[in-house]
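K.L.:
Encoded as structure tokens, here's the structure I'll be asking about.
The values are calculated or read from the model by the stated rules, or taken from the named source; none is laboratory data. Just so you know, these numbers come straight off a predicted model, no measurement behind them. Here the Cβ positions follow ideal geometry from the backbone for every residue, glycine too, while neighbour counts run over all protein chains shown. These accessible areas exclude ligands, DNA and RNA; they are computed on the full protein's heavy atoms, side chains included. Shrake-Rupley method; radii C 1.70, N 1.55, O 1.52, S 1.80 Å.
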Amino acid sequence: MEGAGLAMKPVIKVAALCGSLRRASFNGGLIRSAIQLCDESIEGMKIEYVDIAPLPFLNTDLEVDGKFPVPVEAFRRRIRGADAFLFASPEYNYSFTGPLKNAIDWASRAPNAWADKPAAIVSAGGNFGGGRSQYHLRQVGVFLDLHFINKPELFVHAFQPPSKFDSDGNLIDPEIRERLKQVLLSLQAFTLRLQNKC
């Protein structure tokens with residue numbers, strides 16, 4: 001069969017985490033839109049949403065005989081199995097959220113599941129579009145040994161007209177959707193560069 005000898009291009013597996021637990025979260029809407037963009041128009045990359053809501057608060061007393069609670073074990077497996085990460089990070093009090101920090105800390109317990117992998121951050125919010133949350137997340141990423149893409153950046157000013165999201169938190173702005181696609185393409189290219197250096 002023609003082309004049968006050609007190797008299949010590996011698919012980059014991206015784990016997407018949202019720092020907001022709210023059902024109609026704008027940041028959750030960015031992740032849903034990113035998943036749709038990959039399915040429709042970005043070949044070779046697949047995004048899977050990883051829910052952080054079931055995770056208990058970090059407490060090392062819950063680690064028994066080198067094992068973690070069941071929800072944490074499942075979460076860590078998904079993080080370890082990912083080639084790259086997409087964080088959608090709202091800004092709470094000039095930083096990223098408690099639930100996201102909790103998830104990051106659980107997956108960083110030895111062995112660190114984040115180490116030496118590429119990542120991208122997007123955010124939607126008020127005055128600065130969640131930008132301060134991104135900067136704090138980048139600082140934490142230094143210790144985690146995460147490699148964040150630098151450009152393009154995406155800070156969505158969610159409350160400025162025209163409307164960026166509908167009442168269910170779904171992204172409806174075509175310009176933001178295109179900018180989100182460029183972030184994903186940058187993450188894809190960066191991931192491939194890092195993988196080829198191994």
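K.L.:
Any chance the range 120-137 includes a residue that's under 15 Å from the mean Cα position of the chain (by Cα), hydrophobic (A, V, I, L, M, F, W, C), open to solvent by 30 Å² or more (accessible area, probe 1.4 Å) and under 18 Å from Gly19 (Cβ atoms)?
P.N.:
no
K.L.:
Determine, yes or no, whether Leu55 is more than 11 Å from the chain's Cα centre (by Cα) and either modelled with pLDDT of 95 or more or more than 23 Å from Leu146 (Cα to Cα) (or both). So that I can check it myself, show each step before the final result.
P.N.:
On the way: more than 11 Å from the chain's Cα centre (by Cα): yes; either modelled with pLDDT of 95 or more or more than 23 Å from Leu146 (Cα to Cα) (or both): yes.
Considered against the rule, which asks whether it is more than 11 Å from the chain's Cα centre (by Cα) and either modelled with pLDDT of 95 or more or more than 23 Å from Leu146 (Cα to Cα) (or both), Leu55 comes out as yes.
K.L.:
Right, next: Among the numbered criteria (1) in a loop (DSSP other than H, G, I, E, B); (2) without any contact (Cβ under 8 Å) to a residue 24 or more places away in the chain, which one does Leu21 miss?
P.N.:
(2)
K.L.:
Sticking with this structure for a sec: Name the one entry in Val64, Val14 that is among the hydrophobic types (A, V, I, L, M, F, W, C) and open to solvent by 50 Å² or more (accessible area, probe 1.4 Å). Don't jump to the end; show me each part of the working.
P.N.:
On the way: Val14 fails: open to solvent by 50 Å² or more (accessible area, probe 1.4 Å).
Of the residues listed, the single one that is among the hydrophobic types (A, V, I, L, M, F, W, C) and open to solvent by 50 Å² or more (accessible area, probe 1.4 Å) is Val64.
K.L.:
Please find, within the range 88-119, the residue that is surrounded by the fewest Cβ atoms within 10 Å (Cβ to Cβ) out of those that are of a type in the set (Phe, Trp, Tyr) and in a loop (DSSP other than H, G, I, E, B).
P.N.:
Taking the range 88-119 as the starting set, the residues that turn out to be of a type in the set (Phe, Trp, Tyr) are 92, 94, 96, 106, 114.
Applying the additional criterion that residues be in a loop (DSSP other than H, G, I, E, B) yields 94, 96, 114.
Working: Tyr94: 10, Phe96: 26, Trp114: 20.
Top of the filtered list is Tyr94.
K.L.:
Okay, next question. Quick one: would you say Phe165 is touching a helix residue (DSSP H, G or I) at 6+ places or on another chain (Cβ under 8 Å) and either on the phi < 0 side of the Ramachandran plot or open to solvent by 90 Å² or more (accessible area, probe 1.4 Å) (or both)?
P.N.:
yes
K.L.:
Kindly list the number of the only condition in (1) open to solvent by 10 Å² or more (accessible area, probe 1.4 Å); (2) within 24 Å of Phe190 (Cα to Cα); (3) aromatic (Phe, Trp, Tyr) that fails for Phe85.
P.N.:
Single failed check for Phe85: (1).
K.L.:
Separate question: Restrict the check to the range 83-105 and report whether at least one residue is basic (Lys, Arg) and touching a strand residue (DSSP E or B) at 6+ places or on another chain (Cβ under 7 Å).
P.N.:
Scanning the range 83-105 turns up no residue that is basic (Lys, Arg) and touching a strand residue (DSSP E or B) at 6+ places or on another chain (Cβ under 7 Å).
K.L.:
A follow-up question, please. Exactly one condition in (1) open to solvent by 50 Å² or more (accessible area, probe 1.4 Å); (2) at negative phi is not met by Gly141; state its number.
P.N.:
Result: Gly141 passes all but (1).
K.L.:
Which of the residues spanning the range 38-59 are assigned to a helix (DSSP H, G or I), in contact (Cβ under 8 Å) with a residue 40 or more places away in the chain and open to solvent by 10 Å² or more (accessible area, probe 1.4 Å)?
P.N.:
Step one: of the range 38-59, the residues assigned to a helix (DSSP H, G or I) are 38-41.
Within this subset, residues satisfying the condition of being in contact (Cβ under 8 Å) with a residue 40 or more places away in the chain are 38, 41.
Matches in the range 38-59: Ser41 only.
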